[in-house]
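Asker: Got a structure here, written out as C-alpha cells. Questions coming.
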Amino acid sequence: MARDKKHQTGRPTMLATILAILSAAVLILLIVIGSRGLRDFDAALIGYAVGSVCALAALVYRYTLWIGRPPTWRYFRAGWVNFLSWRNFRHYSLLIPKAWWTDLLAQTFIRKRSTLRWIMHLCIFWGVILSLVITLPLTFGWLHFTLHPPDLYQLWFFGLPMFVFPIQTVIGFVIFHGLDFTAVLLIVGVGIALWRRITDAGLLVTQRFGSDLVPLVLHVAIAVTGLALTASSTWWGGRCYWFLSLTHQVIVVVWLLSIPFGKFFHIIERPASIGVTLYQTVNQEVEHYGKQAQTGRCKRCEKELPSQQFIQDLEGVLNDLGQNYSLGEDRGVLQEYCPTCKRVLRGEAYYQLMGKRFL
C-alpha cells in the first residue's frame, strides 16, 4: 500500500521534472536560433537570460503538478473537451473571446467589486506583461537594433529585418522608452495596492509580508531602478549606470525566480479559468443543444441544482481524494443538497452535538 502511494506520488513529480527540463532546453535552443548563434546576444544580459530559463523550468514544473491534481485535472480535461467540440464551437463561438476579454485582458469582473481595484489590477497586469514582451526578446537576442547612418535605426527580429525608423521622431521615442512607460504604469498600480494595504482594515488583518507585500516591493524596486537607468543615460551622463544596471538585473532575476512560488503564479493559472467558464456554461444552459439540460433537485428543499454532469464530476473529484460525504440512512450524500441546505444540515449537526451550548 505504502509503495503504491509512493509510486502514485512519484509519477507526477517525474513527469513535471522531465517537462521542466525539456522546456528549459527548448528555450535555450530558441535563444541560440533567434540570436543567430548568439551573435546578437548581449553578454551583459546573461543574468536575465539565466533567470528566465530557470523561471520557465520552475513554472512548468509547478504548473504540471497543479494540473495533475485530481480536481484540477478533471475540470481541465473537461474544459478542453468542451473547447474542441465542434457542436460547442457552433453554439458558443463567441464565449471564448468574451471570456478572454472579461477574465484576462480587461478583467471586467473586478470592476464589479471596485473601480479603483480594477484600475490597480489593470495597471499591474499590463505593466508586467508589456515589460516582459519588450524585455524578454531583447534579453534573448531575438530583438535588436542597428544604426543606419546618419539618423535611422533598423529593427531586427529573429535575424529578420522588420522596418526602419527615424531616431528623432515620436515612433523612435516610443520604441526606445517603452519600458519607461510600463514602469510608470506599474508604479501607479503598485501605489494603489500599497495605499489599499495600509488603509483597508480587512487587508491589514489578513495580509502577510512574504506573499502580499514582498511582491509589491519587488515591483516598485524594478520600476524605480529601470527609470533610474534611463535618467542615468539621459541626464546624468552615465554616472552610476553600472551599479544601477547590476542592481536592476539582480532584482529582476529575484522577481523571475519568485513567480513560480509566489502570489503572481495566479497569472499563469488564470487562463485556465476560461476553460472553467466554458465548462459551466455548456453544462448549465437550460437549452443544451435543443434538449433540456439534465439537472437534479435538492433532496431537502427541491431547489434546482447545477447540471448532473457537474454533480458527477464533483463526486468523482471527492472519490479521487478519498473523501466520503455520505450522510447515512436515507439522506444520501452532501452533494445532493443546495448550498443553503448544506448550511442548515451543518447547523443541525452542531446543535445535536452541543445542545444548548451551541446557542
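Asker: Search the stretch 336-359 for residues being in a helix (DSSP H, G or I) and modelled with pLDDT under 75, and hand back the single one that is nearest to PRO71 (Cα to Cα).
Answerer: PHE358
Asker: Okay, moving on. Please pick out the residue among ILE171, ILE187, ILE198, ILE192 that is assigned to a helix (DSSP H, G or I) and in contact with a strand residue (DSSP E or B) (Cβ under 8 Å, 6 or more places away or on another chain).
Answerer: ILE171
Asker: Give the residues of the stretch 231-251 that are of a type in the set (A, V, I, L, M) and in contact (Cβ under 8 Å) with a residue 24 or more places away in the chain, sorted by residue number.
Answerer: If the condition is that a residue be of a type in the set (A, V, I, L, M) and in contact (Cβ under 8 Å) with a residue 24 or more places away in the chain, then VAL250, ILE251 are the ones that fit.
Asker: When both residues are 6+ apart or on different chains and their Cβ atoms are under 7 Å apart, which pairs have a first residue that lies in the stretch 304-321 and is more than 18 Å from PRO339 (Cβ to Cβ), and a second that is of a type outside the set (Asp, Glu) and modelled with pLDDT of 70 or more?
Answerer: GLY316/ARG74; ASP320/PRO70; LEU321/PRO70
Asker: Is one or more of the residues making up the stretch 27-43 touching a residue at least 60 places away in the same chain (Cβ under 8 Å), over 18 Å from PHE158 (Cα atoms) and either surrounded by 14 or more Cβ atoms within 10 Å (Cβ to Cβ) or out of contact with any strand residue (DSSP E or B) (no Cβ under 6 Å at 6 or more places or on another chain) (or both)?
Answerer: The answer is no; no qualifying residue exists.
Asker: Another question, if that's okay. If a residue has to be within 12 Å of GLU315 (Cα to Cα) and surrounded by 15 or more Cβ atoms within 10 Å (Cβ to Cβ) to count, how many in the stretch 325-340 make the cut?
Answerer: 4
Asker: Please work out which residue is most open to solvent (accessible area, probe 1.4 Å), limiting yourself to the stretch 158-180 and to residues that are aromatic (Phe, Trp, Tyr) and touching a helix residue (DSSP H, G or I) at 6+ places or on another chain (Cβ under 7 Å).
Answerer: PHE158
Asker: To continue, here is another question. Inspect the stretch 67-87 for any residue being surrounded by 13 or more Cβ atoms within 10 Å (Cβ to Cβ) and more than 23 Å from the chain's Cα centre (by Cα) and give the result as yes or no.
Answerer: yes
Asker: Against the definition (part of a helix (DSSP H, G or I) and surrounded by fewer than 17 Cβ atoms within 10 Å (Cβ to Cβ)), how does VAL282 come out, yes or no?
Answerer: no
Asker: May I ask you to list the residues in the stretch 189-200 that are of a type in the set (A, V, I, L, M, F, W, C) and open to solvent by 70 Å² or more (accessible area, probe 1.4 Å)?
Answerer: Within the stretch 189-200, TRP195, ILE198 meet the criteria.
Asker: Go through the stretch 88-141 and count every residue that is surrounded by 15 or more Cβ atoms within 10 Å (Cβ to Cβ), assigned to a helix (DSSP H, G or I) and hydroxyl-bearing (Ser, Thr, Tyr).
Answerer: So the count comes out to 4.
Asker: Suppose we keep only residues that are open to solvent by less than 80 Å² (accessible area, probe 1.4 Å) and more than 25 Å from CYS54 (Cα to Cα) within the stretch 235-258. Which one would you say is farthest from the chain's Cα centre (by Cα)?
Answerer: Among them, the one singled out is GLY237.
The values are calculated or read from the model by the stated rules, or taken from the named source; none is laboratory data. In this text the structure is predicted, and so the values were computed from the model without any measurement. Glycine gets a Cβ as well: all are built from the backbone with ideal geometry, and neighbour counts include every protein chain shown. Heavy atoms of the whole protein, side chains included, go into the accessibility calculation; ligands, DNA and RNA do not. Shrake-Rupley method; radii C 1.70, N 1.55, O 1.52, S 1.80 Å.
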